[in-house]
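Trainee: Mind looking over this structure? Questions follow.
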Amino acid sequence: MTDSNRAFHGLVLLTFALMAVIILLSAHMRLSGAGLGCSDWPACYGRNLAGVAPPHPGWINTTHRIAASTMGFTVLAIASLAWRRRRVAPGDFPPALALLGLTAFLAALGKLTHDAHLPAVALGNLLGGFGMLALLWRLHLGYTPQYAASSRLRWQVSLGLGLLVAQIALGGMVSANFAALSCTGPSGCDSWLQHASSGAFNPFRVLNVAQGSSFIPGEAQQTLHMTHRFSALLVFCYLAWLGVCLIRENLRRSGMLLIAALMLQVALGIGIVAYRLPLFLVLMHNATAAFLLLILVTLGYRLRRR
Ligand code: HEM
């Protein structure tokens, strides 16, 4: 690796580490702001919608602010270096530009976050953060080897990535709509299909907030919660099958890792419903979703055309 490549790669890895910290801290701030982990739980769930100070410790706010500002500079440096090196490393420029665009988007969204009544704000933060993490990882992968694979396997990985991103977006909608406790039984809500409507999936729907700024759950929350559960079943079956295909194609380590992370994610999902949303398990559910995303981005990049 040349000195210039080494410096660029080092900057990418530093920014990736900062982004991982920011994702976890943002999830902590968002979820504790929703009332998870507060002293009168579960009575406090969905409170703080009117901008009341959320119950997370001050160091989390400070660390988040420092990490986010530092990352603003490192992203600018990555984008300008990628522009200067675009002839020697043309593959780095598009992801670096997309990274800069997402940073600008998240900074603009930050100005709107006082309007927490719109699920789109929390959803935008979650997807924007995951998108940046994936782009940084893709930049890192540019400095690692690729392997030849059949075009069928490459398609299967792309489809898996698409399904996973949709499942992550649905999870974000469950969280942003305070729908986590809408169906708590092992089989969920009995009659949710009768009153299910597509309006539940509109991220610009204004949430019902009672006086005293607590949230009033409705039928849309049941639709979101149950859809996330059923789609988890589909995602589980598809990705587990993909894991088996990878093992059969001599990509044993990747296949095993995918299946193990998938099983952990589903167990965490069941755990957060069964134990009524402990903050730690929800944070782990968020982190494991990010890990699954990185596994599929790695496969999507490394498996090149035969
Ligand atoms: C491949 C499978 C799954 C993926 C990728 C996934 C992903 C996610 C993501 C990204 C979130 C948002 C977390 C956050 O707000 O930080 C979420 C939330 C949630 N998920 Fe899943 N999930 C999966 C399976 C499941 C399963 C099987 C269940 C339950 C049976 C479940 C229950 C929940 C609940 C209740 C929430 C809302 C937590 C909150 O209020 O923040 N998930 N999921």
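The values are calculated or read from the model by the stated rules, or taken from the named source; none is laboratory data. No experiment lies behind these values; they were computed from the predicted model shown. Every residue, glycine as well, gets a Cβ built from its backbone with ideal geometry; the counts of neighbours run over all protein chains shown.
Trainee: Just to be sure before I move on: is Gly51 touching a Cys at 6+ places or on another chain (Cβ under 9 Å) and either of a type outside the set (Phe, Trp, Tyr) or modelled with pLDDT of 90 or more (or both) in the structure I sent?
Mentor: Working: touching a Cys at 6+ places or on another chain (Cβ under 9 Å): no; either of a type outside the set (Phe, Trp, Tyr) or modelled with pLDDT of 90 or more (or both): yes.
In short, no.
Trainee: From the list Leu233, Leu294, which one is within 11 Å of the ligand (Cβ to nearest atom) and either aliphatic (A, V, I, L, M) or crowded, with 19+ Cβ neighbours inside 10 Å (or both)? Working first, answer last.
Mentor: On the way: Leu294 fails: within 11 Å of the ligand (Cβ to nearest atom).
The match here is Leu233.
Trainee: Sticking with this structure for a sec: Scan segment 272-291 for residues that are within 9 Å of the ligand (Cβ to nearest atom) and in a loop (DSSP other than H, G, I, E, B) and jot them down.
Mentor: The one that is within 9 Å of the ligand (Cβ to nearest atom) and in a loop (DSSP other than H, G, I, E, B): Leu277.
Trainee: Please determine, by comparing only the residues of segment 189-230 that are within 13 Å of the ligand (Cβ to nearest atom) and touching a Ser or Thr at 6+ places or on another chain (Cβ under 9 Å), which one is modelled with the lowest pLDDT.
Mentor: Pro217
Trainee: Additional query: What residue, of Thr184, Thr144, is over 28 Å from Gly33 (Cα atoms) and assigned to a loop (DSSP other than H, G, I, E, B)? Write out each step before concluding.
Mentor: Numbers: Thr184 fails: over 28 Å from Gly33 (Cα atoms).
After ruling out the rest, the residue left standing is Thr144.
Trainee: Given the criteria basic (Lys, Arg), surrounded by 18 or more Cβ atoms within 10 Å (Cβ to Cβ), modelled with pLDDT under 95 and under 21 Å from the mean Cα position of the chain (by Cα), does Arg30 qualify?
Mentor: yes
Trainee: Okay, moving on. What are the residue pairs meeting all of these: first residue in segment 284-306, first residue under 15 Å from Ala166 (Cα atoms) and touching a residue at least 40 places away in the same chain (Cβ under 8 Å), second residue crowded, with 20+ Cβ neighbours inside 10 Å and among the charged types (D, E, K, R), Cβ atoms under 8 Å, and 6 or more apart or on different chains?
Mentor: Going by the 8 Å Cβ cut-off, the qualifying pairs are Val297/Arg138.
Trainee: Which of the residues belonging to segment 236-263 are more than 23 Å from Ser150 (Cβ to Cβ) and either buried (at least 16 other Cβ atoms within 10 Å of the Cβ) or in contact with a Leu (Cβ under 9 Å, 6 or more places away or on another chain) (or both)?
Mentor: Phe236, Ala261
Trainee: Hey, can you tell me all the residues within segment 236-271 that are near the ligand (Cβ under 9 Å from one of its atoms) and either without any contact (Cβ under 8 Å) to a residue 24 or more places away in the chain or not in a helix (DSSP H, G or I) (or both)?
Mentor: Ala267, Leu268, Ile270, Gly271 - these are the residues of segment 236-271 that are near the ligand (Cβ under 9 Å from one of its atoms) and either without any contact (Cβ under 8 Å) to a residue 24 or more places away in the chain or not in a helix (DSSP H, G or I) (or both).
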